[in-house]
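Novice: Sharing a structure with you now.
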């Protein structure tokens, strides 16, 4: 399913479809400015991306993806919403946010080959999501060498468990990390939360910083802990 919406005043809706055994991307939608809703689709055994939604008024809601071999759901743009989606098995990264001011809430990502959630942008909120059994990080806040890409993001009330790398790997600046539950990551050796994240600016340690770090339940790591993998 491929849609290019050129009418900024019209709403584009892709809903209640089933896509199986697709050799390309299952759902790709690009908006010139009008609202986009991708809702209640079921995608199974997809050899490329599952959902790629590009635009500034995008909602991706209650989709179920199983056996996607590249990226599960990718949101490109500002102010989008990703809510109550399930990505399970096979995907390189479960949910990717590329933009600012997005809300990513109550999604579940399990058993992906890389990170559960990957965030690059400013003022994004990840709240009440679950990442378990992924081969990379549960949640990865990614930055660039100038430390200007990912700033003021919020990770609130998420659960990250049994991921092969860190539960939360924060390379962003002034990230709020509050009320998360992170245990049993990196084969139980942790750190479950790496508040200082990765070395992305060429320094001696992780370059991430936190604006708030409270109410988290975790076995190892902390606000100033460097990531041990992905460095």
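The values are calculated or read from the model by the stated rules, or taken from the named source; none is laboratory data. It should be emphasised that the depicted structure is a prediction, and the values quoted were computed from it without experimental measurement. Quick reminder, even Gly has a Cβ in these numbers, built from the backbone with ideal geometry, and neighbours come from all protein chains shown.
Novice: What strands (runs of 3 or more DSSP E) lie completely within region 1-86 and have 3 or more residues being surrounded by fewer than 18 Cβ atoms within 10 Å (Cβ to Cβ) and in contact with a strand residue (DSSP E or B) (Cβ under 7 Å, 6 or more places away or on another chain)?
Specialist: Counting at least 3 such residues, we get 2-5, 18-22, 42-46.
Novice: Additional query: Considering only residues that are crowded, with 18+ Cβ neighbours inside 10 Å and not in a strand (DSSP E or B), which ones fall in region 96-105?
Specialist: Answer for region 96-105, where residues must be crowded, with 18+ Cβ neighbours inside 10 Å and not in a strand (DSSP E or B): 99, 100, 102.
Novice: Condition first: closer than 17 Å to residue 115 by Cβ and surrounded by fewer than 22 Cβ atoms within 10 Å (Cβ to Cβ). Now tell me which residues in region 166-185 satisfy that.
Specialist: 184 - this is the single residue of region 166-185 that is closer than 17 Å to residue 115 by Cβ and surrounded by fewer than 22 Cβ atoms within 10 Å (Cβ to Cβ).
Novice: Additional query: Looking at region 210-220, can you tell me whether even one residue there is out of contact with any helix residue (DSSP H, G or I) (no Cβ under 9 Å at 6 or more places or on another chain) and surrounded by 24 or more Cβ atoms within 10 Å (Cβ to Cβ)?
Specialist: For region 210-220, residues out of contact with any helix residue (DSSP H, G or I) (no Cβ under 9 Å at 6 or more places or on another chain) and surrounded by 24 or more Cβ atoms within 10 Å (Cβ to Cβ): absent.
Novice: I would also like to ask the following. State all residues of region 139-162 that are farther than 18 Å from residue 215 by Cα and not in a strand (DSSP E or B); if no residue qualifies, say none.
Specialist: Matches in region 139-162: 142, 143, 144, 145, 146, 147, 148, 149, 150, 152, 162.
Novice: Suppose we filter region 207-222 for residues that are under 20 Å from the mean Cα position of the chain (by Cα) and outside any strand (DSSP E or B); how many remain?
Specialist: Count: 4.
Novice: With the requirement that a residue be more than 21 Å from residue 62 (Cβ to Cβ) and at pLDDT below 90, what does region 5-33 give you?
Specialist: Once the filter is applied, which keeps residues that are more than 21 Å from residue 62 (Cβ to Cβ) and at pLDDT below 90, region 5-33 yields 6, 7, 8, 9, 10, 32, 33.
Novice: In region 125-136, is there at least one residue being surrounded by fewer than 24 Cβ atoms within 10 Å (Cβ to Cβ), under 20 Å from residue 99 (Cβ atoms) and over 15 Å from the mean Cα position of the chain (by Cα)?
Specialist: Checking region 125-136: not a single residue is surrounded by fewer than 24 Cβ atoms within 10 Å (Cβ to Cβ), under 20 Å from residue 99 (Cβ atoms) and over 15 Å from the mean Cα position of the chain (by Cα).
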